[in-house]
Each structure stands twice: as structure tokens, then as C-alpha cells.
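Peer 1: Before I ask anything, let me first share the structure, which is written out below as C-alpha cells.
Nothing in this text is a laboratory measurement; each read-out follows from the coordinates by a stated rule. Note that the structure is a prediction, hence the values are computed from the model and not measured. Glycine gets a Cβ as well: all are built from the backbone with ideal geometry, and neighbour counts include every protein chain shown.
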Amino acid sequence: MESQQYPPIGPDDLLHRIAERLAERFVGVFSRETVDQYVCDSYALLDRTSRIKAHLPALTENFARERLTALAHTQELIVSDKPTVLFVCVHNAGRSQMAAALLDHHAAGRVQVLSAGSAPADSVNPAVVEAMAELDLDISKEYPKPLTTEAVQASDVVITMGCGDACPIFPGKRYLDWQLEDPAGKGVEAVRPIRDDIDRRVQGLLAELLPATA
């Protein structure tokens, strides 16, 4: 007996399944139409900026979930006492990825951490991945994400990394610019001092955000 042949799953089918899962996650918070819109928009944003098409559905689900969570916090549909910090650099492939990983590590769940770029690269800088692995921090599965308005709106602190990126300005946010050397095109030896500089700044920021417990 010949095995039945099924047609391949197309992008629309995958996006439908992603939307179903996220609609269940955000039930009572967002309508299915809103979830559908964010899933489709997130897919389109990543499709324009990433050449890693094989992982695009998984990246879309992660990105859409992050954006919907940020939107829920902005609209006070989800209440959290954790401060949110957004790190921004042009490509979201080096400095902002290191800063996000280091703050997430030191905060140990006490801070919500986001990162994004105005012109995301295809992947995280391999030398940056290697430098972070030396601290036992694995960012090999991270990916550059486009900067979105809801990420800025949901953040208490927005930090650019000295690369000339401009963020939307909203009242009540704290905006900082850390002047940091760009690790692009450098080997791991040259990335280590940049990583360590970021680490010092991150720990100082954490002490300000959580003075009683940092």
C-alpha cells in the first residue's frame, strides 16, 4: 500500500498555528484578531531582516510573544513590579545582545530585559557569542530583532549603545546612551574588553534599579 502524501505546510498554515498558541496564552488579554495581526506583522518584519528562513516560524513566535507581552504591559493589561530595560544598537548583533544577556544574568529574574536594533543583522556576531560563552552565558540561540514602538513604550529604561540609534521618545522613560566600542569585525580578544566594560555598566545600572537587593 502506498503511503499517503500530504502537501507541505505553507507559511499561512504555520502562522495560523502560531496564532492559535499565542491566542491561548493571551486569552482574556487580547482578541484573536489582535494576535493574528501581531503574528503576521512580526513574520513580515523578520522576513525582511533575516536570511535564516529555516528558523523563521520559531523566531516569529518568540518575537510576536515578546511584542504582545510588551503591549500588554503598556496598556496595563498585565501588571508587573519588575522594571523593564531595553538595549538598542543598530544591528542588535553585538553590544545590545551582550548587555541584555549580562543584565538578565545578574538580575536573576528581577528585571525584564529586551534588546533590538533599527537595522537588525542576519545573526549575532560569532566573536560576541564566543566572548559570552567564556562567562558561561550562551547567547548562540539569540537573534537580532527589529526595534518596535511597543518595546520602547513598555520599557522603564532605554539604553542606546553609542551607535547613533534614535528611539521613539515617550514621557516618563529614562534614556541613556552608553558610548561603547563596536565589536563588529573584531576577534574575541578585542571583544573581551568591550564585554567587560558593558558588564561594569550593567552592574551599576542594576544597583540603581534594585538598590535594596542588588
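Peer 1: Suppose only helical runs count, i.e. DSSP H with n ≥ 4. What mean residue ellipticity at 222 nm does that imply for the chain under -39500 (n - 2.57) per run, divided by all residues and rounded to the nearest 500 deg cm²/dmol?
Peer 2: Result for the chain, helices only: -15500 deg cm²/dmol.
Peer 1: Then there's this: Can you tell me the order of 194-202, 181-189, 146-154 when each peptide is scored by its average per-residue count of other Cβ atoms within 10 angstrom, highest first? Don't jump to the answer; show the numbers that get you there.
Peer 2: Details: 194-202: 19.0, 181-189: 15.3, 146-154: 21.0.
Order by mean packing, descending: 146-154, 194-202, 181-189.
Peer 1: Restricting to lysines 8 or more places apart or on different chains, can you count the pairs in the chain with Cα atoms under 28 Å from each other?
Peer 2: Taking the Cα cut-off of 28 Å, the pair count is 9.
Peer 1: Something else: If you take the square roots of the eigenvalues of the alpha-carbon gyration tensor of the stretch 40-136 and sort them as a ≥ b ≥ c, do you get rounded (a/c under 1.5), prolate (a/b over b/c) or oblate?
Peer 2: Here the stretch 40-136 falls in the oblate category.
Peer 1: Quick check for me: using +1 on Lys/Arg Cβ and -1 on Asp/Glu Cβ, what's the dipole size of the chain about its Cα centre, in debye to the nearest 20?
Peer 2: Values: 21 positive and 31 negative charges, 49 e Å.
The calculation lands at about 240 debye.
Peer 1: Right, here's the next one. Only four residue types carry charge here, +1 at the Cβ of Lys and Arg and -1 at the Cβ of Asp and Glu. Report the dipole size of the stretch 125-214 about the Cα centre in Debye, rounded to the nearest 20.
Peer 2: Using Cβ point charges on Lys, Arg, Asp and Glu, the stretch 125-214 gives about 240 debye.
Peer 1: Helix by helix through the chain, keep the DSSP H runs that span 30 Å or more along the axis on Cα and average at least 1.0 on Kyte-Doolittle, and give those back in order.
Peer 2: Sorted by number, there is nothing, because no helix extends far enough and scores high enough.
Peer 1: I need the shape label for the chain. Rule: rounded when a/c is under 1.5, else prolate if a/b > b/c, else oblate, with a, b, c from the alpha carbon gyration tensor. Intermediate values should be presented prior to the final figure.
Peer 2: Details: a/c = 2.05, a/b = 1.37, b/c = 1.50.
Oblate, because a/c is 1.5 or more while a/b does not exceed b/c.
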